[in-house]
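The structure appears right after this line, and notes come after that.
The values are calculated or read from the model by the stated rules, or taken from the named source; none is laboratory data. All of these numbers come straight from a predicted model, not from anything done at the bench. No Cβ is skipped: glycine too gets one built from the backbone with ideal geometry, and neighbour counts run over all protein chains shown. These area figures cover heavy atoms from the full protein model, side chains too; ligands, DNA and RNA do not enter into them. Shrake-Rupley method; radii C 1.70, N 1.55, O 1.52, S 1.80 Å.
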Amino acid sequence: MRVSICSGLLVIGVGGCVNTQETSDVAGIEPIAPGRGVDDYVLVDCLLPGQIRQLGTRMTYLAPRRMVKSTKSDCGIRGGEFVLFDRSDYGSALQALLPKAQGGDPVAQTYVGEIYEKGLGLSAPDYANAASWYQRAAVQSHSPAQTYLGSLYERGLGVPTDKAKALDLYRQASGLTEDRLIFESKLKAERAAFQQEIAVRNRVAASLRTQLRQASASKPSPRKTTSGGGGATRAQLARQAKSQQRDAQSEADRVKKEIHAIEQIKQSDADRGASGDNGKTAQLGKLELTRREQYRSLLDTSRQLSQVD
């Protein structure tokens, strides 16, 4: 089933007409052609319009909006709204993210919390401010923020040390449920989304390597583009490679915290004799396996991008 949806101008992203269908987003991924603009190399968190799906033979419904990792240009073409965290310039990133964070966007709020927690572009970390921003996103059920906030409670940074509160946040972030079928369905969808994300990251990384090699070989002037037709400059390409390498490493760090959270849940269950719950134990095992696979993939992508020059 294919339905054409037209979206107007969104908060940041450029609206457009989008054909939605129930197929994998990975299928159409191709290398970025030489000579494209810099927006084709900028990765963003893109909130896509909901897909219209058919239920039975008569009823159709609008599925929830989906968050995917996409290039800035592709997000606009597909009618998406995006949040951009330029990790190559931490000094300006906070000012760019604050308006959306203050407007209630949980992704932007989590990024702002990360900037404060790690002291990115700041004189020192500000854990209290980090906890405040994570809390705003956590109450919107944004799982990365729940994991980050739980980590602060576990370590007593910016908030009082509270292991029970940390464990509760870790459980919320894990998505564990009493319904095995619901959990399996959500985990399957998450795996598919992550494979799409890695495919996008690696596609852009490969294109950046190709463009930068060509730029190095031709030794163009810094003020000239690397190719005709309004292509990106070498400086712009190098900046995007640096930003995306840091982004992949940051995502790997987040997944590592999620793995730690799973280990804490397993230990807590064992301490209170709840490890005999085979259903929850199996869910935790599958979730941990998925997270470890994601962690390795993100580290591999980060290493690829660190070699881009």
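Numbers at a glance
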| read-out | value |
| --- | --- |
| Tally, over region 193-222, of residues that are open to solvent by 80 Å² or more (accessible area, probe 1.4 Å) and either among the aromatic types (Phe, Trp, Tyr) or assigned to a helix (DSSP H, G or I) (or both) | 4 |
| Odd one out for Ser174 among (1) open to solvent by less than 30 Å² (accessible area, probe 1.4 Å); (2) more than 30 Å from Asp39 (Cβ to Cβ); (3) among the hydroxyl-bearing types (Ser, Thr, Tyr); (4) in contact with a Gly (Cβ under 9 Å, 6 or more places away or on another chain) | (4) |
| Given (1) open to solvent by less than 30 Å² (accessible area, probe 1.4 Å); (2) not in a helix (DSSP H, G or I), index of the condition Leu122 fails | (1) |
| Per-region count, region 77-116, residues without any contact (Cβ under 8 Å) to a residue 40 or more places away in the chain and in a helix (DSSP H, G or I) | 21 |
| Long-range neighbours under 6 Å by Cβ, at least six apart or interchain, first residue touching a residue at least 40 places away in the same chain (Cβ under 8 Å) and surrounded by 21 or more Cβ atoms within 10 Å (Cβ to Cβ) within region 241-262, second part of a helix (DSSP H, G or I) and of a type in the set (S, T, N, Q) | Gln245/Ser302; Gln245/Ser306; Ala248/Thr301; Ala248/Ser302; Val255/Gln294; Glu258/Thr147; Ala261/Thr147 |
| Residues of region 177-192 classified as more than 20 Å from the chain's Cα centre (by Cα) and either within 18 Å of Gln146 (Cα to Cα) or surrounded by 15 or more Cβ atoms within 10 Å (Cβ to Cβ) (or both), total | 2 |
| Of all residues making up region 152-192, the number that are among the hydroxyl-bearing types (Ser, Thr, Tyr) and in a helix (DSSP H, G or I) | 4 |
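Condition check ((1) more than 18 Å from the chain's Cα centre (by Cα); (2) buried (at least 16 other Cβ atoms within 10 Å of the Cβ); (3) farther than 28 Å from Gln236 by Cβ; (4) modelled with pLDDT of 95 or more) across all residues:
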site: Glu81; (1), (2), (3), (4): no, yes, no, no
site: Tyr90; (1), (2), (3), (4): no, yes, no, no
site: Val112; (1), (2), (3), (4): no, yes, no, yes
site: Asp126; (1), (2), (3), (4): yes, yes, yes, yes
site: Gln146; (1), (2), (3), (4): no, yes, yes, yes
site: Gly150; (1), (2), (3), (4): yes, yes, yes, yes
site: Gly156; (1), (2), (3), (4): yes, no, yes, yes
